[in-house]
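S.K.: Structure provided below as structure tokens; questions to follow.
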Amino acid sequence: MKIKNSGFTLVEMMVVIAIIGILAAIALPSYQSSVEKTNLADAKRYMTEIRQQLEAQKLSDTNYSRGSAAGLKNKYELFIDNAIEKNIPSSMKDKYTFGRNAVVVNNKGNQVSIYMQARPRVSSYKYAAYMTEKGDVLRCPKASISSATPAVMKPSGCEVF
């Protein structure tokens, strides 16, 4: 009577494990890049929503469209700080540090420009989001945006996304 052996040899198992390792090494960076792009798009969406809320507030409340430039600057910064606190979920704040800056452009015309940024907290993330005074959101290398960088200075190496 013959005994029938079934199963895999050690060499066959090692080949399969090596193939799985190679596939994982290729797929993991791509997956991490996709996750970062998704989170950066979410940060962009939140910054855009906050800017739209501020614009709506300026239209509905004359206190946000009239007054001294310094007074408007303070109101805008307070509004954005409150909106960041209320509207951005903690899961997003764990991934990005949201910052803002309001700058008086013209004291006589009461013009105040708003800049926002989302700096990554996750060490593996390579990009930050930067919103210009016109509301355009740029994807910038993480190294070009730091907490010490004033929001009014456009970081280098940025691209629209």
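Just so it is clear, none of the values below were taken in a lab; they were calculated from the coordinates. A quick note: this is a predicted structure, and the numbers were derived from the prediction, not measured. In this analysis, Cβ positions are derived from the backbone assuming ideal geometry, glycine residues included, and neighbour counts consider all displayed protein chains.
S.K.: Calculated FRET efficiency, THR38 and ARG66, Cβ-Cβ r, R0 45 Å, to nearest 0.05?
M.R.: 0.65
S.K.: Rounded to whole Å and sorted largest first, list the principal axis extents of the Cα atoms in the chain.
M.R.: Taking the Cα atoms of the chain, the three principal extents are 102, 30, 22 Å.
S.K.: Right, here's the next one. What number, in nm² with one decimal, is the all-direction average of the projected area of the convex hull of the alpha-carbon atoms of segment 1-77?
M.R.: For segment 1-77, the mean projected area of the Cα convex hull comes to 10.1 nm².
S.K.: Would you mind working out the magnitude of the charge dipole of segment 69-120 relative to its Cα centre, with +1 at each Lys and Arg C-beta and -1 at each Asp and Glu C-beta, to the nearest 20 Debye?
M.R.: Dipole magnitude for segment 69-120 comes out near 100 debye.
S.K.: Measure up LYS37/LYS75; LYS73/LYS126; LYS37/LYS73; LYS58/LYS93; LYS58/LYS142 against 29 Å on the Cα-Cα distance and list the ones that go over.
M.R.: LYS37/LYS75; LYS73/LYS126; LYS37/LYS73; LYS58/LYS142, as the Cα separations exceed 29 Å there.
S.K.: When the dipole is taken about the Cα centre of the chain, and only Lys, Arg (+1) and Asp, Glu (-1) are charged at their Cβ, what size is it in debye, to the nearest 20?
M.R.: About 80 debye.
S.K.: Please give the calculated 222 nm ellipticity per residue for the chain, where each DSSP H segment of at least 4 residues contributes -39500 (n - 2.57) and the sum is spread over every residue; nearest 500 deg cm²/dmol? Before the final figure, lay out each step's value.
M.R.: On the way: 3 runs with 76 residues, N = 161.
Rounded to the nearest 500, it is -17000 deg cm²/dmol.
S.K.: Can you put PHE98, PHE161, PHE8 in order, fewest other beta carbons within 10 Å first? Please list the in-between numbers first.
M.R.: Details: PHE98 21, PHE161 14, PHE8 10.
Going from least to most buried by this count: PHE8, PHE161, PHE98.
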